[in-house]
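Worksheet: one structure, shown below.
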Amino acid sequence: MEHFSWFTLIGMDKYDYILGSILVLILLTLAGLSIRSSLSKKDAVLPEEKFSIRTIFEILTLDFLFDLFANMLGSKKQAKKYFPLLGASFFFILFANLLGIVPGFLPPTGNFNVPVACALVIFVMYNYYGLKENGWAYLKHFAGPVIFLAPLMFLIEVISHFVRPISLSLRLFMNITGDHMVLGIFTNLVHYIIPALFVGLGIFVSFLQAFIFTVLSAIYISLATSHETEIE
Amino acid sequence: MKKALSILSIFGVAVLAALVPDAAFAQEGTGGELTKLGLALGAGLGIAIAAGAAGLGQGRATAAALSGIARNPGASSKILTPMIIGLALIESLVIYALLIAFLLQGKI
């Protein structure tokens, strides 16, 4: 299926996903700078009345994500500690998915490499946090409940740990690609009113997939950094 | 005596397992009509069964969530979040089946 993208005007349409990721990063940086400038005025503690970038991000991060992570990770201190990684993955994936809804752009997460990169970062980081928090006792997570089942449980646990980044990346990639394909097919069939429904579905799926990715990452981090004495 | 016999039998099975597959499995040529029938049926039926089973699973999850909300309407937002997570996880299994269906369909 032929797809027009604005990057064909520059002539670099083979690198759609790299340029799309760079565009998402530029948008996030601009949003961050504008929030920072709005927070450094006087009376920054009071929320603004109008609908601005700062209030949108405040709703998403402080009301929604922070309570979610505090529930998953157990306490507000833990949520604050892991918030940069999880919040960045949420916003990057959300904006990257939403970029595909804008006509003329391909979503960066629609290429297999970008979700794999995000999932590998989460994989490396939750193992790192588990090792940092528990030391070498992190490997006891792989041993299972009883000590003489350890070789079998080790194999099963290692396989299930390696399936995690595969499943995270496949879920994100196939959802966004499939949704984009469905939008394309229905726009080819009926040109006028029906694609609006699929654009709505696309916005919902973008938000849901970013949310699922972040929630599962938070669950993996909480499983990795849980202390053994709390399980019983 | 028994131990020597068991070691010899394991060795013999290993030798047979290494030598037999070269002789026994002859491949059909790529792209025969039967291959295409198999690939098309696999792709179509695979995604159909996956979607049907996922519909049943998601129906059960939503039914449980709705009955929880009906009993306690105040807790509806706390019930909704795990329901959405459960639905997305069930749906991700369908997505794996869709990936295999795409791979099979690309080979027809």
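Taken together, the values in this text are just the output of simple stated rules run on the coordinates, not laboratory data. Worth saying up front: this structure is predicted, and the values here are computed from it rather than measured. For neighbour counting, all protein chains shown are included, and Cβ atoms are generated from backbone atoms with ideal geometry for every residue, glycine included.
Only the Cβ atoms of Lys and Arg (+1) and of Asp and Glu (-1) were treated as charged; on that basis the dipole of the range A:19-175 about its Cα centre amounts to roughly 300 debye. Computing FRET efficiency as 1/(1 + (r/R0)^6) for A:Met181 and A:Leu46, where r is the C-beta to C-beta distance and R0 is 35 Å, gives about 0.15.
For the range A:1-71, which chymotrypsin sites (Phe, Trp or Tyr not before Pro) pass both filters: DSSP loop (anything but H, G, I, E, B) and at most 16 other C-beta atoms within 10 Å?
Passing both the DSSP loop test and the Cβ count: A:Phe4, A:Phe51.
Mean-square fluctuations from a GNM of chain A, with a 10 angstrom spring cutoff on Cα atoms, peak among A:Leu62, A:Leu19, A:Leu98 at A:Leu62. Note on A:His180, A:His161, A:His227: ascending count of other Cβ atoms within 10 Å places them as A:His227, A:His161, A:His180, the fewest first.
Each pair of Cα atoms in chain A enters the Kirkwood radius, and Stokes-Einstein at 20 °C and 1.002 mPa s then converts it into a translational diffusion coefficient of 108 µm²/s.
What is the gain in length, in nm to one decimal, between A:Leu25 and A:Phe148 on full extension, counting 0.36 nm per residue of separation less the C-alpha to C-alpha distance?
Once the chain is fully extended between A:Leu25 and A:Phe148, it gains 39.4 nm.
Where a ≥ b ≥ c are the square roots of the eigenvalues of the C-alpha gyration tensor, would you call the range A:34-99 rounded, which needs a/c under 1.5, or, failing that, prolate if a/b is larger than b/c, or oblate? Cα axes put the range A:34-99 in the oblate bin.
Evaluated at q = 0.15, 0.20, 0.31 Å⁻¹, the base-10 log of the normalised Debye intensity for the range A:16-61, with identical point scatterers placed on the Cα atoms, takes the values -0.46, -0.68, -1.14. Using the rule -39500 (n - 2.57) for each DSSP H run of four or more residues, divided by the residues of chain A, the 222 nm mean residue ellipticity is -23500 deg cm²/dmol. The order of the peptides B:88-97, A:193-202 by mean Cβ neighbours within 10 Å, most packed first, is B:88-97, A:193-202. Phi-derived couplings, Karplus 6.51 cos²θ - 1.76 cosθ + 1.60 at θ = phi - 60°, listed residue by residue for the range B:72-79: 9, x, x, 8, 5, 6, 6, 7 Hz, with x used for Gly and Pro.
Between B:Leu8 and B:Thr35, what FRET efficiency follows from the Cβ-Cβ distance if R0 is 35 Å, with the result rounded to 0.05? Between B:Leu8 and B:Thr35 the formula returns 0.25.
Rounded to the nearest whole Hz, the Karplus-based 3J(HN,Hα) values (6.51 cos²θ - 1.76 cosθ + 1.60, θ = phi - 60°) of the range A:71-76 follow the sequence 5, 6, 8, x, 8, 5, with x at glycine and proline. Across all directions, the average projected area of the convex hull around the alpha carbons of chain B is 13.2 nm². Karplus-derived 3J(HN,Hα) values for the range B:84-97, using 6.51 cos²θ - 1.76 cosθ + 1.60 with θ = phi - 60°, are 5, 4, x, 5, 5, 5, 5, 5, 5, 5, 5, 5, 5, 5 Hz; glycine and proline are entered as x. Checking the Cα-Cα distances for A:Lys140/B:Lys78; A:Lys140/B:Lys2; A:Lys14/A:Lys50; A:Lys80/B:Lys78; A:Lys50/A:Lys80 against a 31 Å cut-off, the pairs over it are A:Lys140/B:Lys78; A:Lys140/B:Lys2; A:Lys14/A:Lys50. For trypsin sites (Lys or Arg not before Pro), the sites in the range A:1-76 that DSSP calls loop and that have at most 10 other Cβ atoms within 10 Å are A:Lys41, A:Lys42, A:Lys50. Note on B:Leu103 and B:Ala75: their simple-model spin labels are 4.2 nm apart, each label 7 Å out from Cα toward Cβ.
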